[in-house]
Amino acid sequence: MIRFKIKELIAEKEFKERRKITLQEIADSAGVNRTALSKMMNPSYQYSTTTKAIDSLCQYFGCKVDEVIEYIDE
């Protein structure tokens, strides 16, 4: 199973920047649909996305792909 680590990235960015970050802000800045972000954050949904969206999230958070997604052996 692929798990998105969006919540952790948001928490880390909020801590570093000492401010609240909304999904809408991420959606607007990264160019990823807010609904898609919500689905990525819900592990039971098993959302499928594009590499373009993952690339955009990496750019927004300033991180590598393995910091956005991880594989969990079921």
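Some points to look at:
- Where labels lie 7 Å past Cα in the beta-carbon direction, separation of Ile72 and Glu14 in nm: 2.0
- Dipole size of the chain about its Cα centre, with +1 on Lys/Arg Cβ and -1 on Asp/Glu Cβ: approximately 300 debye, rounded to the nearest 20.
- Here the Karplus relation 6.51 cos²θ - 1.76 cosθ + 1.60, evaluated at θ = phi - 60°, turns the backbone of region 52-57 into coupling constants of 4, 5, 5, 4, 5, 5 Hz, with x for every Gly and Pro.
- HN-Hα J in Hz across region 21-31 - Karplus 6.51, -1.76, 1.60, θ = phi - 60°, x for Gly and Pro: 10, 9, 5, 5, 4, 5, 4, 5, 6, 8, x
- Positive dipole terminus of the chain, leading residue within Ile72, Leu23, Gln46 (C-beta point charges): Leu23
- Candidates per trypsin sites (Lys or Arg not before Pro) in region 1-57, loop by DSSP, up to 15 other Cβ within 10 Å: Arg18, Arg19, Lys20
- Whole-percent carbon and sulfur share, accessible surface of the chain, 1.4 Å: 50
- Karplus (6.51, -1.76, 1.60) ³J(HN,Hα), θ = phi - 60°, over region 34-46, in Hz, Gly and Pro reported as x: 4, 5, 4, 4, 4, 5, 5, 6, 9, x, 6, 6, 6
- The residues of the chain expose on average 68 square angstrom of accessible surface per residue, using a 1.4 Å probe on protein heavy atoms.
- For Ile69, the residues 5 or more places off, or on other chains, whose built amide H falls under 5 Å of its own are Lys5.
- Non-local Lys pairs in the chain, i.e. 8 or more apart or on different chains, that have alpha carbons under 15 Å apart: 8
- Among the listed values (1) 3, 18, 32, 30, 15, 2; (2) 3, 12, 14, 13, 10, 9, 8, 7, 6, 6, 4, 3, 3, 1, 0; (3) 3, 16, 29, 29, 15, 5, 1, 0, the one computed from these coordinates for P(r) over Cα pairs in 5 Å bins from 0, in percent is (3).
The values are calculated or read from the model by the stated rules, or taken from the named source; none is laboratory data. Every value quoted in this text rests on a predicted model; they were computed, and no experiment measured them. As a convention, Cβ positions derive from the backbone with ideal geometry for all residues, glycine included, and neighbour counts pool all protein chains shown. The protein model used for the area step is the full one, side chains on, heavy atoms only, and it has no ligands, DNA or RNA in it. Shrake-Rupley method; radii C 1.70, N 1.55, O 1.52, S 1.80 Å.
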